[in-house]
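Taking it in order: structure first as structure tokens, then the write-up.
The values are calculated or read from the model by the stated rules, or taken from the named source; none is laboratory data. Keep in mind it's a predicted model, so treat the numbers as computed, not measured. Cβ atoms come from the backbone with ideal geometry, glycine included; neighbour counts cover every protein chain shown. Keep in mind that these areas ignore ligands, DNA and RNA; they rest on the heavy atoms of the full protein, side chains included. Shrake-Rupley method; radii C 1.70, N 1.55, O 1.52, S 1.80 Å.
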Amino acid sequence: MQAVMDITAKYCHKEMEAYGSCVASNPSAWQEKCHELKVKVAQCTSSHPVIQTIRQSCSKEFVEFERCLRENQGNPTSCSPHVARFLGCAETVDLSGVATNPEPQPS
């Protein structure tokens, strides 16, 4: 999972920082107030092959985590078990043969 975090930080640092600041500043309304920033992070990360592979392999765990966040907007820490399940799944994904540093696609 550290590789995914490193890739996300490398390719989406600005988006992740803005989203994290928004969530921290809006503990009870982050889902609504930070939605646009969340979408920007998702758009940024969705094109990376490593992240695509993990999201495909662990889609069930990721969906359950997102549902927990929606249902517990006022207490996102209650979703810690969901995060742990997703991270545990991500650790088991075979990333051999997946490009970890793809060439940027022309716009």
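Given a 1.4 Å probe and the protein chains as shown, residue 92 ends up with an accessible area of around 110 Å². Computed in the context of the full set of protein chains, the accessible area of segment 38-87 at 1.4 Å probe radius has 53% of its extent on carbon or sulfur.
Taking all Cα pairs closer than 8 Å and separated by 6 or more residues, the relative contact order of the chain comes to 29 percent.
Listed by chain and number, the lysines placed with their C-alpha closer than 21 angstrom to that of residue 40 are 10, 14; residues fewer than eight positions away on the same chain are left out.
Based on the Cβ-Cβ distance of residue 57 and residue 14, what FRET efficiency does E = 1/(1 + (r/R0)^6) give at R0 = 22 Å, to the nearest 0.05? About 0.20, to the nearest 0.05.
With contributions of -39500 (n - 2.57) from each DSSP H run of at least four residues, the per-residue ellipticity at 222 nm computed over the chain stands at -22000 deg cm²/dmol.
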